[in-house]
Amino acid sequence: MFPDSFYNMAWISDFVKVNLIAVLMFTTVVPLMGQTCCSGGVPVSANLGMPNHGSNVLQLSLNYDLNVLRTLKTGKEVLNDNNRKRTTHSILFETGYSFSSRFSVDALFSWVRQERLITNFGNRELTSTNGIGDMTLLFKYLAVDRPDFSIATGIGVKAPTGASALLTSDGLALSADLQPGSGAWDGLGWINISHQPMFRPGATLSLNAIYSHKGKNSDYLGSQVYKFGNEFQLILGYSDRLLLGNQLLDPAVMFRYRVADPDQNEGLLQPSTGGKWIFINPSVSFWINQDLSFNGNIELPLFANITGTQVTPTYRINTGIYYKLKISRKTVAL
């Protein structure tokens with residue numbers, strides 16, 4: 001069921017590195033604050049939608065995301081080829097503010113490093129880019145708000161704030177999937193359905209649906225028109241709340257279904273782009289107090305049926321911190 005990399009435990013060393021980086025990020029950011037769009041797997045749309053905590057609440061989330069792609073597949077078949085590897089490192093900063101108990105807005109900013117490693121007969125060719133990625137803005141409305149059931153909807157945009165025309169050190173143009181940004185505006189649709197079952201009041205069943213309608217980059221390679229494939233994601237999750245001694249934990253597990261249409265260049269479908277995937281994502285949040293938590297998760301593919309031959313996700317690790325703050329009218333007046 002799980003990829004070979006799970007059984008050889010290669011991801012453990014990366015998990016340790018991720019948590020070390022997260023600690024460094026936390027110690028760096030706290031003093032300052034007083035506190036994509038590509039096959040490399042920039043996790044922009046999958047992270048949309050902060051929880052609802054009532055009116056006048058500011059939420060902040062800072063995460064490091066590592067996405068490793070080194071499973072070569074044709075359709076559903078895994079090929080015996082370890083010569084290609086794609087890695088995406090992303091730093092994601094998300095903030096949200098609720099204007100009332102019904103209306104809120106979320107913004108997601110990213111910094112991205114893309115890496116492509118090709119090994120042939122002992123020769124290693126590493127190509128990498130890094131820079132600010134695209135940002136997203138999501139406006140949300142809580143349509144149904146009951147103690148045990150809620151429905152929230154949202155619409156938004158992804159703005160092309162990331163570079164999409166970076167060159168190699170030799171002055172050669174890089175392909176679209178190695179750029180930090182897409183060079184195009186995208187439209188986003190989002191819906192969240194949550195239910196607290198009677199048999200477990202501390203638990204939550206959730207369903208997220210996200211649709212991304214990709215725009216066109218009219219300046220690809222200087223004169224071409226490139227469009228990433230439209231994308232739909234369905235995320236089914238179960239979370240719980242446990243008290244272990246004095247430690248409050250929120251364990252959860254999610255299943256993510258993702259389907260992406262093939263990319264287009266000059267209106268022609270691009271080979272070996274697009275496909276369908278199913279992932280499992282267990283996670284846990286450690287609450288320091290009612291407003292501050294540390295979180296970590298790992299995502300593994302359960303199924304992939306891709307178009308043509310592609311390097312497809314092998315595992316993904318995400319870790320970070322979350323903080324929420326109630327903004328009172330008195331605080332604003334001051």
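The values are calculated or read from the model by the stated rules, or taken from the named source; none is laboratory data. Owing to the predicted nature of the structure, the values given are computational and were not obtained by experimental measurement. In this analysis, Cβ positions are derived from the backbone assuming ideal geometry, glycine residues included, and neighbour counts consider all displayed protein chains.
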Selection from region 132-145 of residues in a strand (DSSP E or B) and either within 21 Å of Lys214 (Cα to Cα) or of a type in the set (A, V, I, L, M, F, W, C) (or both) yields Ile132, Met135, Thr136, Leu137, Leu138, Phe139, Lys140, Leu142, Ala143, Val144
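Yes/no per residue for (1) of a type in the set (Val, Ile, Thr); (2) farther than 25 Å from Ile298 by Cβ; (3) assigned to a loop (DSSP other than H, G, I, E, B):
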site: Gly49; (1), (2), (3): no, no, yes
site: His53; (1), (2), (3): no, yes, yes
site: Leu60; (1), (2), (3): no, no, no
site: Asn82; (1), (2), (3): no, no, yes
site: Thr87; (1), (2), (3): yes, no, no
site: Val112; (1), (2), (3): yes, no, no
site: Leu117; (1), (2), (3): no, no, no
Condition broken by Arg258, with the remaining ones in (1) among the charged types (D, E, K, R); (2) buried (at least 19 other Cβ atoms within 10 Å of the Cβ); (3) in contact with a Ser or Thr (Cβ under 9 Å, 6 or more places away or on another chain); (4) over 29 Å from Leu172 (Cα atoms) satisfied: (3)
Taking region 110-123 as the search range and keeping residues that are buried (at least 17 other Cβ atoms within 10 Å of the Cβ) and not basic (Lys, Arg), which one is nearest to Leu58 (Cα to Cα)? Ser110
Residues (closer than 16 Å to Asp134 by Cβ, touching a strand residue (DSSP E or B) at 6+ places or on another chain (Cβ under 7 Å) and either assigned to a loop (DSSP other than H, G, I, E, B) or modelled with pLDDT under 95 (or both)) located in region 175-207: Ala176, Leu178, Gln179, Pro180, Ser182, Gly183, Ala184, Trp185
So Gly171, is it in a loop (DSSP other than H, G, I, E, B), of a type outside the set (Ser, Thr, Tyr) and at positive phi: yes
Considering only residues that are farther than 25 Å from Asn67 by Cα and of a type in the set (Ser, Thr, Tyr), look in region 101-142 and name the one that is farthest from the chain's Cα centre (by Cα). Ser101
